[in-house]
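I have placed the structure first, in the form of C-alpha cells, so that the comments after it can refer back to it.
Coordinate-derived values only; no laboratory data. Everything quoted here is computed from the prediction, not taken from an experiment. Backbone-built Cβ (ideal geometry, glycine too); neighbour counts: all protein chains shown.
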Amino acid sequence: MKRFFLLCSIFVLGSFPLISKAVVLTNPLGTTDIRGVVGNVIKTILGLSGVAALLMFVYGGVQWIISGGEPKKVEKGKETLKWAALGLVFIFISYTLLYTLLTALSTATS
C-alpha cells in the first residue's frame, strides 16, 4: 500500500508542471472594457429575441396551416404572425437605437 501511494505521489508531482501549463485561462469575452461587455450582452439578447421572433413566425404559420379552415384557428394563426412581425420591427428599431447609442458613447469617450 505504501508503494502504491509513493508511485501515485511521484506521478502527480512529476506531472504537475504539465498540468499547470495546460491550464491557461483566456478571457472568453474578448474585452475587459465594461462598455464592450455590455455591448456584447445587448447584442446577444437582441440576437436571441430575433430567434424567438423567427420561431413565432414558424409557430403562427403552423397554426394557420393545421387550422383546417376553422375561422377561429385561422385567426389565431394570423394574430400570432402579426405579433411576431411587430416584435421583429421592435427588435430592429431597438437594435438600431442601441447601436447608435453605443457608437456615440464609444466615440465620445475615446
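Observations, loosely collected:
- Going through (1) under 26 Å from residue 27 (Cα atoms); (2) exposed (fewer than 13 other Cβ atoms within 10 Å of the Cβ); (3) within 17 Å of the chain's Cα centre (by Cα); (4) not charged (D, E, K, R) one by one, residue 55 falls short only on (1).
- Residue identified as surrounded by 14 or more Cβ atoms within 10 Å (Cβ to Cβ) and either assigned to a loop (DSSP other than H, G, I, E, B) or in contact (Cβ under 8 Å) with a residue 40 or more places away in the chain (or both) among 81, 29, 46, 105: 46
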